[in-house]
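**Student:** Questions regarding the structure given below will be posed in turn.
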Amino acid sequence: MELKIRDTFNKELPSDTNTNNTRRKVFEAMYSYVNPKVPSHPKLIHASVEMAKAIGLDKNDTDSEDFLTIFSGSELYPKTESYAMAYAGHQFGNWAGQLGDGRAINLFEVLHNKKRWALQLKGAGETPYSRQGDGLAVLRSSIREYLCSEAMYHLGVPTTRALSLMLSGDEVLRDIIYDGNAAYEKGAIVCRVAPTFIRFGNFELFAARNDYKNLKKLTDYTIKYFYPELGKPSKETYIKFFKQVAVKTLDMIIHWQRVGFVHGVMNTDNMSILGLTIDYGPYGWLEGFDFVWTPNTTDRQNKRYRYGNQPNIGLWNLLQLANALYPLVEEAEAFESVLNQYKIDFDTKSLNMMRSKLGLTIEDKNDAKLIETLEDCLLLSETDMTMFFRLLSNHNKDDGQEGLKKIEASFYILEEIVGDVAQKWKDWFTAYDQRLQLETLTDKERCANMNLVNPKYVLRNYMAQLAIEQADKGDYSLINELFDLLKKPYNEQPKNQKWFAKRPDWARHKVGCSMLSCSS
Ligand code: AMP
Ligand code: MG
């Protein structure tokens, strides 16, 4: 197995001078050298062949003993030095100080086909940033990250990716629902991949300590490798950089809203500087359309990270990043104007995204109203978001209120669609049908367009849970099946029709299927 290693982060940026693996505050350094814990019986469960190809590996490589050795953390790749990154963050709206890679260890960077990839093991043991944690990850959460990050990639949502999923052979103690009943679970390691894993929190760490020298170094490094088109370091370049991060962050969140993804823990340490979805923890997929839903039990009270609040939180997080970058520019207006533009862009991009979900290609001044009325209807009775939008593409011009019949399968309780509720739906379908008269595309063309933005298959919470339960018993066939299914989420896959279904009743309140804790 040969990789074109091109390390930059740990070559160009200052490291922690202490190389002991002890938990501590780390100053004036971007990372600490640390070796992964050697797993007792590593075993490969799955490797992503596409991701392997992207870094220059093939199937023979992923099947090799070397692959198992390197991506389980048993040994380091020759001439590389692994490290954990230092960062801070705001968690649930509060300043949390230094956090850092508590259970992620960066192996190396690879350059392939002119693309740079950083490879990182999640769950590979303690680091100086592990605080009270053990640095490990359980199979359950590793399957969820592995399947979902690759599924998001194929949905066209900006995301970190995953190369491999392995069992460590070690046991990990976890209290899943924080009820005092801790139990041993299988430990696992995911190798995840992104151009860089730098987060908003990396900048916040230095800003909070008034360490402007390192703040500048980190910013210049980030621009040099990941935003090279912005030019040489200068105050204008830093503002342009912030602007680009704002645009990418908003675009990512609009994609989340489009597919019904709820991240669950949008803390600033979980915000990628590249606008990638990162840190798959207690995330979830909307089943019933619901603006106030969050899968994260830790956030049950305030629901800060609920579906409908994700765009606002993106803005709040960007404000924290602006505060962190401010010392490099010392002009508040420029940052404020970027943040104001985010709000304006959100309105337009969100409207256009919803237009695309409805198959509307031209702009009409009443579209916002039509969409708002639809959202009101979706909230009348539990309505499956994925099924609704996918079935809506079957609507033909002149179906009128009869269109309601074609989406009936998306209602969880069909009996509730009577009287006033049914009337509201019929009125909406009448309005939708009238609106379609302004469009020039044929029904078939509109259907094809809609099917490119409304996925047929997403990783419903219960699907991941079924894969987890089987995997726990040593059967990985469902992981394989779901992985393949989710490679083509927009395609009709007649053999896989069973996954185009509402959440089954048994999954409504089951742990792992509706609500998830941060315990992972
Ligand atoms: P998260 O909520 O997963 O983004 O994690 C927040 C912080 O806690 C990060 O600094 C993580 O590295 C750290 N962390 C989470 N789980 C563990 C663990 N099991 N051991 C050590 N650190 C952890
Ligand atoms: Mg995190």
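**Student:** Are any of the residues in the stretch 412-419 under 28 Å from the mean Cα position of the chain (by Cα) and closer than 26 Å to Val292 by Cα?
**Tutor:** Within the stretch 412-419, one or more residues are under 28 Å from the mean Cα position of the chain (by Cα) and closer than 26 Å to Val292 by Cα.
**Student:** Has the stretch 170-179 got any residue that is modelled with pLDDT of 95 or more and not hydrophobic (A, V, I, L, M, F, W, C)?
**Tutor:** Yes, because at least one residue in the stretch 170-179 is modelled with pLDDT of 95 or more and not hydrophobic (A, V, I, L, M, F, W, C).
**Student:** Mind listing just one residue for me: the one in the stretch 219-236 that is within 25 Å of Pro311 (Cα to Cα) and among the hydroxyl-bearing types (Ser, Thr, Tyr) and, of those, surrounded by the most Cβ atoms within 10 Å (Cβ to Cβ)?
**Tutor:** Here the residue is Thr219.
**Student:** What is the number of the single condition among (1) farther than 18 Å from Pro128 by Cα; (2) within 24 Å of the chain's Cα centre (by Cα) that Leu57 does not meet?
**Tutor:** So the condition that Leu57 fails would be (2).
**Student:** Going through Leu121, Leu147, Leu165 one at a time, which residue ends up being buried (at least 24 other Cβ atoms within 10 Å of the Cβ), in a strand (DSSP E or B) and more than 15 Å from ligand 1 (Cβ to nearest atom)?
**Tutor:** Leu165
**Student:** Just to verify a result, which residue in the stretch 77-121, among those that are of a type in the set (S, T, N, Q) and within 16 Å of ligand 2 (Cβ to nearest atom), is nearest to Thr8 (Cα to Cα)?
**Tutor:** Among residues in the stretch 77-121 that are of a type in the set (S, T, N, Q) and within 16 Å of ligand 2 (Cβ to nearest atom), the one nearest to Thr8 (Cα to Cα) is Asn106.
**Student:** May I pose another question? For Thr196, are the conditions met, namely being of a type in the set (Ser, Thr, Tyr), out of contact with any strand residue (DSSP E or B) (no Cβ under 7 Å at 6 or more places or on another chain) and buried (at least 18 other Cβ atoms within 10 Å of the Cβ)?
**Tutor:** The answer is no for Thr196.
**Student:** Yes or no: Ala409 outside any strand (DSSP E or B), more than 34 Å from the chain's Cα centre (by Cα) and either of a type outside the set (Ser, Thr, Tyr) or more than 23 Å from Asn366 (Cβ to Cβ) (or both)?
**Tutor:** no
**Student:** Just a yes or no: is a residue in the stretch 153-160 part of a strand (DSSP E or B), closer than 25 Å to Phe27 by Cβ and either at pLDDT 95 or above or within 18 Å of the chain's Cα centre (by Cα) (or both)?
**Tutor:** no
**Student:** Can you name the number of the only condition in (1) surrounded by 18 or more Cβ atoms within 10 Å (Cβ to Cβ); (2) away from ligand 1 (no atom under 14 Å from the Cβ); (3) closer than 27 Å to Thr249 by Cα; (4) free of Cβ contacts under 8 Å to residues at least 60 places away in the same chain that Ser82 fails?
**Tutor:** Every condition holds for Ser82 apart from (3).
**Student:** Still on this model: Do we have Val247 as free of Cβ contacts under 8 Å to residues at least 24 places away in the same chain, surrounded by fewer than 21 Cβ atoms within 10 Å (Cβ to Cβ), more than 16 Å from ligand 2 (Cβ to nearest atom) and of a type in the set (A, V, I, L, M, F, W, C) here?
**Tutor:** Taking the combined requirement at face value, the residue does not satisfy it.
**Student:** Taking Ser130, is it within 10 Å of ligand 1 (Cβ to nearest atom) and farther than 22 Å from Glu75 by Cβ?
**Tutor:** So Ser130 fails the test.
**Student:** Kindly provide the set of residues from the stretch 1-12 that are part of a loop (DSSP other than H, G, I, E, B) and surrounded by fewer than 16 Cβ atoms within 10 Å (Cβ to Cβ), ordered by number.
**Tutor:** Glu2, Lys4, Arg6, Thr8 - these are the residues of the stretch 1-12 that are part of a loop (DSSP other than H, G, I, E, B) and surrounded by fewer than 16 Cβ atoms within 10 Å (Cβ to Cβ).
**Student:** Return yes or no: is Glu150 closer than 13 Å to Cys191 by Cα, of a type outside the set (A, V, I, L, M), in contact (Cβ under 8 Å) with a residue 24 or more places away in the chain and assigned by TED's automatic domain parsing to the domain that holds Phe67?
**Tutor:** yes
**Student:** Right, another one. Looking at Arg144, Arg116, which is the one that is under 29 Å from Asn491 (Cβ atoms) and among the basic types (Lys, Arg)?
**Tutor:** Arg144
**Student:** May I ask you to list pairs of residues, at least six apart or on different chains, whose Cβ atoms are under 7 Å apart, with the first in the stretch 296-308 being at pLDDT below 95 and the second being part of a loop (DSSP other than H, G, I, E, B) and among the β-branched types (Val, Ile, Thr)?
**Tutor:** These pairs meet every condition: Asn296/Val265.
**Student:** Mind telling me which of the residues Asp279, Asp251, Asp290 ends up being among the charged types (D, E, K, R), out of contact with any strand residue (DSSP E or B) (no Cβ under 7 Å at 6 or more places or on another chain) and within 16 Å of ligand 1 (Cβ to nearest atom)?
**Tutor:** Exactly one residue qualifies, and that residue is Asp279.
**Student:** Give me the pairs: first residue in the stretch 261-285 and touching a residue at least 24 places away in the same chain (Cβ under 8 Å), second residue acidic (Asp, Glu) and within 9 Å of ligand 1 (Cβ to nearest atom), beta-carbon distance under 6 Å, and six or more apart or on different chains, which are they?
**Tutor:** Asn270/Asp279
**Student:** Related question: Is it fair to say Asp61 is more than 16 Å from ligand 2 (Cβ to nearest atom), over 18 Å from Thr160 (Cβ atoms) and surrounded by fewer than 17 Cβ atoms within 10 Å (Cβ to Cβ)?
**Tutor:** no
**Student:** Which ones in the stretch 97-117 are surrounded by fewer than 16 Cβ atoms within 10 Å (Cβ to Cβ) and small (Gly, Ala, Ser)?
**Tutor:** Within the stretch 97-117, Gly97 is the sole residue that qualifies.
**Student:** OK, next. Look through Ala409, Ala334 and report the one residue that is among the aliphatic types (A, V, I, L, M), surrounded by fewer than 16 Cβ atoms within 10 Å (Cβ to Cβ) and in contact (Cβ under 8 Å) with a residue 24 or more places away in the chain.
**Tutor:** Ala409
**Student:** Suppose we filter Ile362, Ile417 for residues that are without any contact (Cβ under 8 Å) to a residue 40 or more places away in the chain and not small (Gly, Ala, Ser); which single one remains?
**Tutor:** Ile417
**Student:** Turning to a different aspect of this structure: Would you point out which residue out of Ser32, Ser72, Ser64, Ser48 is farther than 19 Å from Leu111 by Cα, out of contact with any Pro (no Cβ under 6 Å at 6 or more places or on another chain) and among the hydroxyl-bearing types (Ser, Thr, Tyr)?
**Tutor:** Ser64
The values are calculated or read from the model by the stated rules, or taken from the named source; none is laboratory data. Only a predicted model underlies this, so the values are computations on that prediction, with no experimental measurement involved. So basically every Cβ, Gly included, is an ideal-geometry build from the backbone, and we count neighbours across all protein chains shown.
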